[in-house]
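Asker: Shown below is the structure under consideration.
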Amino acid sequence: MILLEDVIVDFPIYGSAKSFRTELLGRATGGFIRREGRRQNRVAVRALESVSLKLSKGDRLGIVGPNGAGKSTLLGVLAGVYAPRAGRVVIEGRVSPLFNTAPGLDADDTGYENIVTCGMFLGMSRAEIEANTPAIAEFTELGDYLNLPVRTYSAGMIMRLAFAIATSINPEILLLDEGLGAGDARFAERAKARLDSLIERSSIVAVASHDEGLIRGVCNRAVLLDGGHVAAAGGVDDVLETYRERRSRP
């Protein structure tokens, strides 16, 4: 279960309280520039403003909005990366944030060694990693390359390895930022089936993306963020329609 009540997140900006650069920054971000302190000499960007949200088992939430709207910040709050300035956050269940599909990847280690390292960074126990290694190795189709240093791999091979490791976890709450890259076209069909399986075995999913196809294919609920505020919430089709209408306004 996830519960957010009137969550506010501020990012302080140091050393720019009186500069013209602050005003430019205000135009370039979706947040709201605020001056604080007795002499108004502190500056903060309000990334989320009074966001309330409740997710239960079976919910698949799509988070949409323009750049700078607060989508990644909201995922960061759910992941425990950002502590809100105000409001309440209650999360019950193990959270698996896949913001980086291969955390801890070391180019000088072999593929097999990286399966262990990245798996541990993703929250798997040593026993889980050992149990999943044969399936991960088979899915990558890298064969004996897994015994070689990752620096000898092509970009596509690294992506295959990272994707196979990331999708081997068993999350209760899965957080995705713009989905997961799957590599070349031949690999994409197998990758989609594996990603679908990951989502299916997750109790709750929250995904932030600009890809309407991904949101429609994965989610049963959606929320539109704009300037850190919740501009719309509800069914996927209704929220996406509201988003398109807002983007078409002059």
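Asker: Answer yes or no as to whether Arg126 is more than 28 Å from Ser52 (Cβ to Cβ), among the charged types (D, E, K, R), surrounded by fewer than 17 Cβ atoms within 10 Å (Cβ to Cβ) and not assigned by TED's automatic domain parsing to the domain that holds Ile8.
Answerer: Against the criterion (more than 28 Å from Ser52 (Cβ to Cβ), among the charged types (D, E, K, R), surrounded by fewer than 17 Cβ atoms within 10 Å (Cβ to Cβ) and not assigned by TED's automatic domain parsing to the domain that holds Ile8), Arg126 qualifies.
Asker: Scan Ala162, Ala137 and give me the residue that is at pLDDT below 95 and more than 25 Å from Val51 (Cβ to Cβ).
Answerer: Ala162
Asker: When you go through (1) at pLDDT 90 or above; (2) exposed (fewer than 15 other Cβ atoms within 10 Å of the Cβ) one by one for Val236, which number turns out not to apply?
Answerer: If we test Val236 against (1) at pLDDT 90 or above; (2) exposed (fewer than 15 other Cβ atoms within 10 Å of the Cβ), just (2) comes out false.
Asker: From the set of residues in the range 145-176 that are within 18 Å of Arg94 (Cα to Cα) and without any contact (Cβ under 8 Å) to a residue 60 or more places away in the chain, which is nearest to the chain's Cα centre (by Cα)?
Answerer: Result: Thr167.
Asker: Next up: For the condition modelled with pLDDT of 95 or more, of a type in the set (Asp, Glu) and not assigned by TED's automatic domain parsing to the domain that holds Pro171, what is the one hit in Asp59, Asp10, Asp109?
Answerer: One residue alone meets the criteria, Asp59.
Asker: Give me the pairs: first residue in the range 222-237 and in the same structural domain as Phe11 (by TED's automatic domain parsing), second residue aromatic (Phe, Trp, Tyr), beta-carbon distance under 7 Å, and six or more apart or on different chains, which are they?
Answerer: Leu224/Tyr243; Gly227/Phe32; Gly228/Phe32
The values are calculated or read from the model by the stated rules, or taken from the named source; none is laboratory data. Quick caveat, the model's predicted, so the values are computed rather than measured. A quick note on method: Cβ atoms are made from the backbone with ideal geometry, for glycine too, and the neighbour counts reach across all protein chains shown.
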